[in-house]
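K.L.:
One structure, as structure tokens, below. Some questions next.
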Amino acid sequence: EKAVNMLSKTYLLQDYITKVKKEHEEIFFLAGMNDKGKILTFDLMKLTHTFIAGMQGGGKSNLLNVIIQSLMYFNDNIFYIMCDFKGGVELSQYEKFKNTILVEDLKDLNEIIDKIIEEMDERYKKLKASRVKKIKQYNDLNKKNPMPYIVFIIDEMSDIKLSLNSESIEKKLTIILNKGRASGILGLFATQRPGSKQVSTDIRDRFGTKISARIVDTRTQEMAGIKGTENLKDGEFMMKFIETLYRYKAFFIDDIKYNKVYEILSNNLEGDNIDNIFIKSKKE
């Protein structure tokens with residue numbers, strides 16, 4: 001009974017983020033509270049690419065914002081490319097941050113993905129020249145000029161199917177998911193509709209970590225990669241990483257514009273985009 005009670009509470013992100021010290025992880029973030037009252041923290045790099053699924057109203061968007069805000073709070077060497085094709089409703093609050101590019105038009109997605117692949121290829125050349133295989137090894141050798149990590153976020157994966165270039169985009173996404181991680185490029189993708197008609201199986205299979213809010217239909221649960229999520233309450237998630245299954249209550253962001261974490265981030269990050277790592281003029 002105690003376990004149920006722990007998950008029935010609301011835990012504000014701003015009340016817990018200061019209680020956690022960043023460990024030695026490469027890309028540290030908070031997820032939520034487990035049924036024993038323990039704060040769950042993860043390394044996005046170890047999770048490889050992450051896929052979040054859940055029906056509308058289950059708290060998927062809140063969790064996405066919790067992950068983004070805790071990533072920004074604990075890590076200062078990440079560049080974010082955020083795709084939100086619902087007019088920027090979910091992610092527009094990050095648009096004014098100097099470490100973020102917001103993509104709101106589906107027509108721009110193909111170009112952005114091409115640039116990510118171009119950046120990835122450049123990074124592989126740098127790794128090879130430095131005789132290392134991973135971004136962390138490269139950054140240890142180049143402390144004065146480290147390579148930023150790139151977190152590539154798509155808020156609604158199923159929108160890709162609406163694009164005229166959907167097949168081409170999906171093929172390119174598969175390349176990023178196959179090769180991106182070693183060079184510090186990580187995918188964090190979310191969807192309300194994880195079915196094979198909306199998200200190709202080829203892409204879904206390439207996520208090392210699956211997170212699911214409540215999904216009632218068992219067939220859709222299989223597509224999301226986690227079974228038994230039909231009884232999850234709002235804000236509760238199950239997460240599958242390798243063979244480990246976690247159940248937790250996501251931290252809650254009370255009001256995105258008036259929470260203390262976002263206030264701190266705004267003070268630190270507002271401003272023009274840094275000469276960002278890959279949307280450079282061709283003159284260079």
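The values are calculated or read from the model by the stated rules, or taken from the named source; none is laboratory data. Model, not experiment: these values are computed from the prediction. Cβ atoms come from the backbone with ideal geometry, glycine included; neighbour counts cover every protein chain shown. To get the accessible areas, we keep the full protein, side chains included, count just its heavy atoms, and leave off ligands, DNA and RNA. Shrake-Rupley method; radii C 1.70, N 1.55, O 1.52, S 1.80 Å.
K.L.:
So, in the range 201-233, exactly how many residues are open to solvent by 20 Å² or more (accessible area, probe 1.4 Å) and either of a type outside the set (D, E, K, R) or under 16 Å from ILE175 (Cβ atoms) (or both)?
P.N.:
Looking only at that region, the number is 12.
K.L.:
Would you confirm whether any residue within the range 139-146 is of a type outside the set (Lys, Arg), under 21 Å from TYR80 (Cα atoms), touching a strand residue (DSSP E or B) at 6+ places or on another chain (Cβ under 8 Å) and part of a helix (DSSP H, G or I)?
P.N.:
no
K.L.:
Only one of ARG214, ARG219 is outside any strand (DSSP E or B), among the charged types (D, E, K, R) and within 21 Å of the chain's Cα centre (by Cα); which?
P.N.:
Among ARG214, ARG219, only ARG214 is outside any strand (DSSP E or B), among the charged types (D, E, K, R) and within 21 Å of the chain's Cα centre (by Cα).
K.L.:
Let me ask something additional. Would you say PHE252 is at pLDDT 75 or above and buried (at least 20 other Cβ atoms within 10 Å of the Cβ)?
P.N.:
Here the answer is yes, as PHE252 does meet what is asked.
K.L.:
Determine whether PHE207 is part of a strand (DSSP E or B) and touching a residue at least 40 places away in the same chain (Cβ under 8 Å).
P.N.:
Criteria not met by PHE207.
K.L.:
Being modelled with pLDDT of 95 or more and of a type outside the set (D, E, K, R) is true for just one of ILE150, ILE160, ILE154. Which residue is that?
P.N.:
Checking each option against the conditions leaves just ILE150.
K.L.:
Residue check: is SER163 of a type in the set (Ser, Thr, Tyr) and over 25 Å from GLY54 (Cα atoms)?
P.N.:
In short, no.
K.L.:
Also, I was wondering about something else. Which residue is modelled with the lowest pLDDT, if the candidates are limited to the range 1-60 and must be in contact with a helix residue (DSSP H, G or I) (Cβ under 7 Å, 6 or more places away or on another chain) and among the polar types (S, T, N, Q)?
P.N.:
Within the range 1-60, the match that is modelled with the lowest pLDDT is THR48.
K.L.:
Then there is this: Would you please list the contacts, defined by Cβ atoms under 6 Å and residues six or more apart or on different chains, that run from a residue in the range 5-16 that is open to solvent by 80 Å² or more (accessible area, probe 1.4 Å) to a residue that is hydrophobic (A, V, I, L, M, F, W, C) and at pLDDT 90 or above?
P.N.:
Qualifying pairs under 6 Å: THR10/PHE252.
K.L.:
What are the pairs with Cβ atoms under 6 angstrom where one residue, in the range 233-254, is part of a strand (DSSP E or B) and the other, located anywhere, is open to solvent by 90 Å² or more (accessible area, probe 1.4 Å)? Sequence gap at least six, or different chains.
P.N.:
Going by the 6 Å Cβ cut-off, the qualifying pairs are MET238/ARG247; PHE252/THR10.
K.L.:
Now for a separate question. Considering only residues that are in a loop (DSSP other than H, G, I, E, B) and of a type in the set (A, V, I, L, M), look in the range 37-77 and name the one that is surrounded by the most Cβ atoms within 10 Å (Cβ to Cβ).
P.N.:
LEU44
K.L.:
Also: Checking the condition under 26 Å from ARG204 (Cβ atoms) and not in a loop (DSSP other than H, G, I, E, B), which residue from LYS125, LYS107 passes?
P.N.:
LYS107
This table checks each residue for (1) within 27 Å of ARG193 (Cβ to Cβ); (2) of a type in the set (D, E, K, R); (3) in contact (Cβ under 8 Å) with a residue 12 or more places away in the chain; (4) in contact with an Asp or Glu (Cβ under 8 Å, 6 or more places away or on another chain).
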{"position": "PHE28", "(1), (2), (3), (4)": "no, no, yes, yes"}
{"position": "ALA31", "(1), (2), (3), (4)": "yes, no, yes, no"}
{"position": "ASP35", "(1), (2), (3), (4)": "no, yes, yes, no"}
{"position": "LEU40", "(1), (2), (3), (4)": "yes, no, yes, no"}
{"position": "LEU47", "(1), (2), (3), (4)": "yes, no, yes, no"}
{"position": "GLY57", "(1), (2), (3), (4)": "yes, no, yes, yes"}
{"position": "LEU63", "(1), (2), (3), (4)": "yes, no, yes, no"}
{"position": "ILE68", "(1), (2), (3), (4)": "yes, no, yes, no"}
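K.L.:
Given the condition open to solvent by 30 Å² or more (accessible area, probe 1.4 Å), assigned to a loop (DSSP other than H, G, I, E, B) and modelled with pLDDT under 90, answer yes or no: does some residue in the range 257-265 qualify?
P.N.:
Yes - at least one qualifying residue is present in the range 257-265.
K.L.:
Looking for whichever is modelled with pLDDT of 85 or more and open to solvent by 20 Å² or more (accessible area, probe 1.4 Å) here; the options are PHE237, PHE241. Which one fits?
P.N.:
Step by step, each of PHE237, PHE241 is checked, and only PHE241 is modelled with pLDDT of 85 or more and open to solvent by 20 Å² or more (accessible area, probe 1.4 Å).
K.L.:
Follow-up. If you check every pair at least six apart or on different chains, which have Cβ atoms under 6 Å apart with a residue in the range 123-142 that is without any contact (Cβ under 8 Å) to a residue 12 or more places away in the chain first and a residue that is open to solvent by 100 Å² or more (accessible area, probe 1.4 Å) second?
P.N.:
Partner pairs satisfying both residue conditions: none exist.
K.L.:
Another question, then. Being buried (at least 23 other Cβ atoms within 10 Å of the Cβ), touching a residue at least 40 places away in the same chain (Cβ under 8 Å), touching a helix residue (DSSP H, G or I) at 6+ places or on another chain (Cβ under 6 Å) and not in a strand (DSSP E or B), is that true of even one residue in the range 158-172?
P.N.:
Among the residues of the range 158-172, at least one is buried (at least 23 other Cβ atoms within 10 Å of the Cβ), touching a residue at least 40 places away in the same chain (Cβ under 8 Å), touching a helix residue (DSSP H, G or I) at 6+ places or on another chain (Cβ under 6 Å) and not in a strand (DSSP E or B), which makes the answer yes.
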